[in-house]
Structures are given as C-alpha cells and as structure tokens.
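Remarks on the structure that follows.
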Amino acid sequence: MSKRRKRSNLAGRHPLLQRGREDEWRDWPNLPTALVDDIADRLLSHDVAEYIRLRAACKEWRRCTADPREGRNHLDPRFRPRRWIMLSNRTDGDGRRFLNLSTGASARVDLPELSRHHLEASAEGLLLLRDKASHAARLLNPLTRALTDLPPVTVDLGGAYAVWRTGPFQSAARIIYAGVSDETSPSSVVLLMADLHLGRAIALGGGG
C-alpha cells in the first residue's frame, strides 16, 4: 500500500501551539499584543514566509498583526518575497514550487491565478501577470496571494516614455522587465516592453 505524501505549504501548524506535558502548557494565543507585534516584526525582517506562518498558526495572532492582503499592504515592501524564486512554470495542478535563495528552504504554493493569466515577468519576488481574456496587467505576491490590479496600459507612440492610460493591455508588446519603486506613495511600477510591430523598446511607468 502506497503512503499518501504529506503536503508541505506555508500554513503549517506552528510548533508553539503544540501542547506537550500538561505542566508545560502555556496560553500562547493570549500573549500580550505588544509581544506578538515584536515577534511578528522580527520574523518579518527575516522572511515574509515566517510572518505568514505566524499569522496562520493562531486566530488571535492574526487579529493583532497586519494583513498582507489588505489595502495598500499589497505593495508594501515588508511583505515582498524578495529572496524567493519560482523554480518552474510547469503545471502541477495549481501548485508551484518556490525556493528561498538565502536559506535553501522550499515551499509548494497553490496559485490558481496562473491558470487564468500569462506569466510575463517578476519584480522583487512579485509575479507580473497578464489576463488571458482581457490582457489586464496584475501583480501577484505568490506567498501572501495578494493580487494588485494595475492601471490599464497603452503605448504613447509619440515618445519613448509613456504613462498608464485608459485602454487595453497591448498584447502585441512583450514585457521584458518589471520593477517596483518605493519612492512614491503608493509604490510605482515600471515596465520595459518590446513592441513587436515597431521593433523597439518602450518604457511605461505608473502608480500601483
């Protein structure tokens, strides 16, 4: 009889919540909020994946820490998986395997968004996606699963630099580079696209 393979992901049970002998039990969920904040900040400065595990382990800890998928946190630099890369774009259902370049840790993450999008590029660990139906551009944080809709893109053919404008994503243009700048609030996203018709590169920039 074959053994069922145990799935590994970021939301595994946190060891602090595993109870040992009765005399060793501690009321971990009801730690002071200030202490949870301090622990969360230390984990977040090391790796966003550890922060995600902390929030997944306990409802009370999740309640008193910032949600990476809420509002402007989508592009918050603290929550970007800069050290993580996707090992392969091959389909394994909705799952993809990621590797931490600093620690060597790996994680399998379910990303159903990839079935509806083309993967165009990556920027600081974020995945730049293009909707297969509408060609809308979006940024996906593969660890937090935060999805950020970018303003519609068109190319101003009168100059080498263009801004986000109303209109569909130019499917004839191939994105060859994506970057995120934190010098503005909210953060700005810059794309470098190769126009297949004109045979030249065009830079586009805009707020997230």
Seminar exercise, completed: Taking the range 77-105 and the residues there that are more than 14 Å from Thr148 (Cβ to Cβ) and of a type in the set (Phe, Trp, Tyr), the one that is surrounded by the fewest Cβ atoms within 10 Å (Cβ to Cβ) would be Phe98
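Does Glu60 count as farther than 17 Å from Ala146 by Cβ and acidic (Asp, Glu)? So that I can check it myself, show each step before the final result.
Values: farther than 17 Å from Ala146 by Cβ: yes; acidic (Asp, Glu): yes.
Considered against the rule, which asks whether it is farther than 17 Å from Ala146 by Cβ and acidic (Asp, Glu), Glu60 comes out as yes.
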Exercise. Could we say that Leu44 is closer than 14 Å to Pro142 by Cα and aliphatic (A, V, I, L, M) here?
Worked result: no
Exercise. If Ser102 satisfies every condition in (1) within 15 Å of the chain's Cα centre (by Cα); (2) closer than 26 Å to Ser45 by Cβ but one, which is the exception?
Worked result: (1)
For this session: List the number of the failed condition for Leu114; all other conditions in (1) at pLDDT below 85; (2) under 28 Å from Asp182 (Cα atoms) hold.
Result: (1)
For this session: Being touching a Phe, Trp or Tyr at 6+ places or on another chain (Cβ under 9 Å), in a strand (DSSP E or B) and not charged (D, E, K, R) narrows it down to one of Leu119, Leu99, Leu128, Leu139, so name that one.
Result: Leu99
For this session: Return a yes/no flag: does the range 80-89 have any residue that is among the charged types (D, E, K, R), at pLDDT 80 or above and part of a helix (DSSP H, G or I).
Result: no
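The values are calculated or read from the model by the stated rules, or taken from the named source; none is laboratory data. These figures come from a predicted structure and were not determined experimentally. Backbone-built Cβ (ideal geometry, glycine too); neighbour counts: all protein chains shown.
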